[in-house]
Amino acid sequence: MFEITDTQKIGVGLAGFGIAFLFLGVLLLFDKGLLAIGNLLFICGLGCVIGPRRTFSFFFQRHKIKGSASFLGGIIIVLMGWPLVGMLVETYGFIVLFSGFLPVAVNFLRRVPILGTFLNMPGINRIMVFLAGDSNRTTV
């Protein structure tokens, strides 16, 4: 197995709080304060989990520059006080950045006991196939 450092544990906590603040910010009708705190915590948590150098190299790869510009631009728009527009731009950037990871994540969630049963229901399964593609192709 591999060992998780204290910095990575703190990073997971920061990223988790960031996602929670983002969720609350959207739930409370795009509260700009919660969204700004959530964005900052998420980015700091990501930097602690994978390290500053790897975070920087992830966001600034040549083929990911469009998604990175949208994601970071959306964060700046949220910080400037336009939460709805910023979150739309940020969501587009997030989808472009993590689109390669999405099939793996969806297929993992399909194997979770209770959640997998829900995701394999007829109507939802069609959406999951659209998002993840062929489940046999992306298994690890």
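The values are calculated or read from the model by the stated rules, or taken from the named source; none is laboratory data. Predicted model, so just to flag it, every value in this text is computed and none were measured. In this analysis, Cβ positions are derived from the backbone assuming ideal geometry, glycine residues included, and neighbour counts consider all displayed protein chains. Ligands, DNA and RNA are stripped out before the accessible areas are found, and what is left, the full protein with its side chains, is counted by its heavy atoms. Shrake-Rupley method; radii C 1.70, N 1.55, O 1.52, S 1.80 Å.
With respect to the conditions (1) farther than 18 Å from Phe42 by Cα; (2) modelled with pLDDT of 85 or more, Gly133 lacks only one, and its number is (2). Being outside any helix (DSSP H, G or I) and modelled with pLDDT of 90 or more holds for only one residue in Leu22, Leu29, and it is Leu29.
Give me the residue from segment 92-111 that is in a loop (DSSP other than H, G, I, E, B), under 11 Å from the mean Cα position of the chain (by Cα) and not small (Gly, Ala, Ser) and, out of that set, nearest to Ile77 (Cα to Cα). Going through the qualifying residues, I end up with Phe98. Could you tell me how many of the residues in segment 1-19 are open to solvent by 90 Å² or more (accessible area, probe 1.4 Å) and assigned to a helix (DSSP H, G or I)? So the answer is 6.
Screening Leu84 on (1) surrounded by fewer than 17 Cβ atoms within 10 Å (Cβ to Cβ); (2) over 22 Å from Leu22 (Cβ atoms) shows it passes everything except condition (2). Here segment 37-54 is the region considered, the condition is being under 15 Å from the mean Cα position of the chain (by Cα) and either more than 21 Å from Ile77 (Cα to Cα) or small (Gly, Ala, Ser) (or both), and the residue that is surrounded by the fewest Cβ atoms within 10 Å (Cβ to Cβ) is Ile50.
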